[in-house]
Amino acid sequence: MKAVDRPFTEIINGRSQFVIPVFQRDYTWQAEPQCAQLWHDVLRAARTTGAETGHFLGSIVYVPTGDSLAGFTRWLLIDGQQRLTTLTLLLAALRDHIVDTGWTGGEDDPTPKRINAYFLKNVQEEGDREQKLVLRRHDQAALRAVLDRKDSLDEGSERIRENYKYFREQLEGADPADVHRGISRLVIVDVALNRQTDDPQLIFESLNSTGVGLSASDLIRNFILMRLPEKEQTKLYDTYWSKIDGLFRGSEWTFDAFARDYVALKTEASKQERADRIYYAFREFFPGLKEEAGGLEEALAEMLRYAKYYAAFSLGRGVTGTRARSLGNLRHLVDVPAVLIMRLFECCDHAGTLSETAFLEAIALIESYVLRRAICVYQTRGYWQTFASLAYRIGDKDPLTDLKVALARQRENYRFPSDEEFQRALKEDELYALRGPCRHLLEGLENHDTKEPTDTSSYSIEHIMPQNQRVPAAWRTMLGGNWREVHKTWVDRLGNLTLTGYNSKYSDRPFDEKKSIAGGFAFSSVRLNKYVRDQTAWTADEISTRTDLLAERATSIWPPLSVPQALINAANHREMRELAARRDVGTVEMSTEARALFQELRTRVLALDSDILELAEPKSVSYHGPGFFLEVLPRRYTLTLLLALDFNEIDDPSGLAQDATQWQFFVNARHEGGVAFTVGDLAAIESALPLIRQAYVASGEQA
């Protein structure tokens, strides 16, 4: 690598061409503040005298394209696109200003011909080689229009056109000689790379180590394509990356989320990557993807496939019909299941192991899980990890069953709410406080299972009995003597809420007016209002009845989780076997005396059945067959046995068993049991065996 300080005009002058690689982001500088700062720097450089006549502008990094000809060199610009493009626009504006104003200077002052030949065009070349700077995509059309002085500058990038016009405006009050002198004094660190010895990607990362101004999309695109020859860059960009870009255009932050979730899904990450670490996680992961997929092109094809899945869910792009509605309903509630949705898409659209009907059932199940938990006001912190772990548990053979079993095995804090929990919340809680879930619930109740859905996008949530704490007289009369209690109890509950486009018109009017006015409940086309328009009064009785009706309907629209217990037990057993295989009971800390007793006990327990699982816990050893039946807790000289039995139902010939419920807890225990037994010698082991057999048999019956 050669890095030298050189005037900008020397770098751009000569028979050469700088090409912006396809992986580079578009031109992004704006008139304010970037172009304004450059204009200020140029004028300041023009005015300086003495030793410090140069002005440092930054660096540009480039590497040969590999297709240069004798006397003509083409360079791929790795870093410095924004500066070089903006200076080109300034020089084009200076050229055109001189032409349009007829300005003439001294012998060494700029002329349109010199500016054109030295800095803008290779006047001896034709076609693609004519420009000294070649941009990409829609930026190129706009730059070409500027350089060729087209009458209409309405092609391509708006940013290119705006900045050119900005410099034309600034030049109206400036001396062209001063501007030209300032440009000639701009100094740039000129970094020319050698493809054989320099790694452009590592140098690019070093120059942009802070990531300022570069999104994860920019960095990832550069990482994938930068090291390749230009022709291969262009091919892969056009075939794959441009399509990925297009999926997330206008929502670039969604690409960052996609990259994070895609890497997590493929690597089964244990936590959500921080935003500033997304690129680095991708950089570590991608070489393995290339190897697994069979090459770079295959890896990009897979990445494009998953990007389509992500955009379909997160942005609603590329999907229609029932699939679009189902995904939209879920997205309306929460966006973090995207990592799980990608996995389901892959099973359905690529592997073919999930039918369209099963795919839609899976989406509806996730929606029910999220909505039920939201209505029950259950914990949502850590949802990303919840959905990621669900995705990791879905295999290719029977994805829908895997999803159901995984949901059924969620730990208590993230369980799937039962019908009883859901209905209690629907009937007893003040749902209006849950604005997002409440609206989703009402919209679902309105539009479920109909071919003519109501467009509720402009509707608001209406309190049939007014929300106003200063309850109007007509309503107090209708509600009766205990109107305060009725209002406090029912005003924000489900039965008193509906959707309407006439919220402000309804206001606090009496109930009969809310029904009879133009657009009132009696004339409403909103299905949610059918029960309301049939009532002659609106009191606690009517609200309670409507609450029960809507709660029952909601329970059928967002159904509970139903999984055979045998499938859950089988999954638990498989996981237990995997854990047992990874853990060594020899690592559990025990005294010499306790270990001697443990070895004797262990031999007898495992002899009961070859299918018994032995699991090393942090400070104990547990036994499962398939359900938990025994935990051995090492003490200094003894062992405490905790058995999964009811003390009142045991057959204990020795009379040594103790009621474990008498203790608040057992030190180091990971499981719960109703019977405790202390083992201090071989005789005690023999006395404990009948109880251990009972616990083992009971575990099989419970399973």
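The values are calculated or read from the model by the stated rules, or taken from the named source; none is laboratory data. Treat the numbers as computed from the prediction; the structure is a model and nothing was measured. A quick note on method: Cβ atoms are made from the backbone with ideal geometry, for glycine too, and the neighbour counts reach across all protein chains shown. The area values use the complete protein model at the heavy-atom level, side chains included, leaving out ligands, DNA and RNA. Shrake-Rupley method; radii C 1.70, N 1.55, O 1.52, S 1.80 Å.
For the stretch 281-298, give me each residue that is without any contact (Cβ under 8 Å) to a residue 24 or more places away in the chain and either touching a strand residue (DSSP E or B) at 6+ places or on another chain (Cβ under 8 Å) or assigned to a helix (DSSP H, G or I) (or both).
Within the stretch 281-298, 281, 284, 285, 287, 288, 289, 290, 291, 292, 293, 298 meet the criteria.
Among the residues of the stretch 107-148 satisfying the criterion of being among the β-branched types (Val, Ile, Thr) and in a loop (DSSP other than H, G, I, E, B), which is most open to solvent (accessible area, probe 1.4 Å)?
123
Taking residue 677 and the conditions (1) within 50 Å of the chain's Cα centre (by Cα); (2) modelled with pLDDT of 95 or more; (3) more than 28 Å from residue 564 (Cβ to Cβ), which numbered condition does it fall short on, given that it satisfies the others?
Single failed check for residue 677: (1).
Please tell me if residue 181 is modelled with pLDDT under 80 and open to solvent by 40 Å² or more (accessible area, probe 1.4 Å).
For residue 181, the condition - modelled with pLDDT under 80 and open to solvent by 40 Å² or more (accessible area, probe 1.4 Å) - is not met.
State which residue pairs qualify: first residue over 18 Å from residue 374 (Cβ atoms) and of a type in the set (Gly, Ala, Ser) and inside the stretch 308-337, second residue outside any helix (DSSP H, G or I) and open to solvent by less than 70 Å² (accessible area, probe 1.4 Å) in any location, beta carbons under 7 Å apart, and separation of 6 or more residues or different chains.
Qualifying pairs under 7 Å: 312/319; 324/316.
So which of 65, 73, 86, 104 is of a type in the set (Val, Ile, Thr) and open to solvent by 50 Å² or more (accessible area, probe 1.4 Å)?
Residue meeting the stated conditions: 104.
Out of 656, 689, which single residue is touching a residue at least 60 places away in the same chain (Cβ under 8 Å) and either in contact with a helix residue (DSSP H, G or I) (Cβ under 7 Å, 6 or more places away or on another chain) or part of a strand (DSSP E or B) (or both)?
689 is the lone residue from the list that is touching a residue at least 60 places away in the same chain (Cβ under 8 Å) and either in contact with a helix residue (DSSP H, G or I) (Cβ under 7 Å, 6 or more places away or on another chain) or part of a strand (DSSP E or B) (or both).
Assuming residue 59 fulfils every condition listed in (1) closer than 30 Å to residue 252 by Cα; (2) at pLDDT 85 or above apart from one, which condition is it?
Looking at each condition in turn, residue 59 falls short on (2).
Could you check the stretch 12-35 and list, in sequence order, the residues that are open to solvent by less than 20 Å² (accessible area, probe 1.4 Å) and in contact with a Phe, Trp or Tyr (Cβ under 9 Å, 6 or more places away or on another chain)?
Within the stretch 12-35, 12, 16, 17, 18, 19, 20, 21, 22, 23, 35 meet the criteria.
Go through the stretch 357-388 and give me each residue that's hydroxyl-bearing (Ser, Thr, Tyr) and either open to solvent by 10 Å² or more (accessible area, probe 1.4 Å) or free of Cβ contacts under 8 Å to residues at least 12 places away in the same chain (or both).
357, 378, 380, 383, listed by residue number.
Tally the residues that are open to solvent by 60 Å² or more (accessible area, probe 1.4 Å), over 15 Å from residue 499 (Cα atoms) and touching a residue at least 40 places away in the same chain (Cβ under 8 Å), restricting the search to the stretch 525-548.
So the count comes out to 2.
Residue by residue through the stretch 299-356, note down the ones that are open to solvent by less than 40 Å² (accessible area, probe 1.4 Å), in a loop (DSSP other than H, G, I, E, B) and either of a type in the set (Gly, Ala, Ser) or in contact with a Ser or Thr (Cβ under 6 Å, 6 or more places away or on another chain) (or both).
316
How many residues are farther than 20 Å from residue 409 by Cβ, among the hydrophobic types (A, V, I, L, M, F, W, C) and touching a helix residue (DSSP H, G or I) at 6+ places or on another chain (Cβ under 8 Å) when one looks only at the stretch 554-597?
6
Report, ordered by the first and then the second residue, all pairs with beta carbons closer than 8 Å, sequence separation of six or more or different chains, a first member in the stretch 35-50 that is under 17 Å from residue 188 (Cβ atoms) and among the basic types (Lys, Arg), and a second member that is surrounded by 20 or more Cβ atoms within 10 Å (Cβ to Cβ) and modelled with pLDDT of 90 or more.
From residues that are under 17 Å from residue 188 (Cβ atoms) and among the basic types (Lys, Arg), the pairs are 44/182.
Here is a list of conditions, (1) closer than 30 Å to residue 409 by Cα; (2) free of Cβ contacts under 8 Å to residues at least 40 places away in the same chain; (3) hydrophobic (A, V, I, L, M, F, W, C), and residue 551 meets all of them except one; can you say which number that is?
(2) is the only condition that residue 551 fails.
Provide a single number: the residues in the stretch 226-251 that are touching a Leu at 6+ places or on another chain (Cβ under 8 Å), modelled with pLDDT under 85 and assigned to a helix (DSSP H, G or I).
Selection size over the stretch 226-251: 2.
Pairs please, first residue from the stretch 555-568 and open to solvent by 70 Å² or more (accessible area, probe 1.4 Å), second anywhere and hydrophobic (A, V, I, L, M, F, W, C) and not in a loop (DSSP other than H, G, I, E, B), Cβ atoms under 7 Å, 6+ apart in sequence or on different chains.
Hits for this filter: 567/405.
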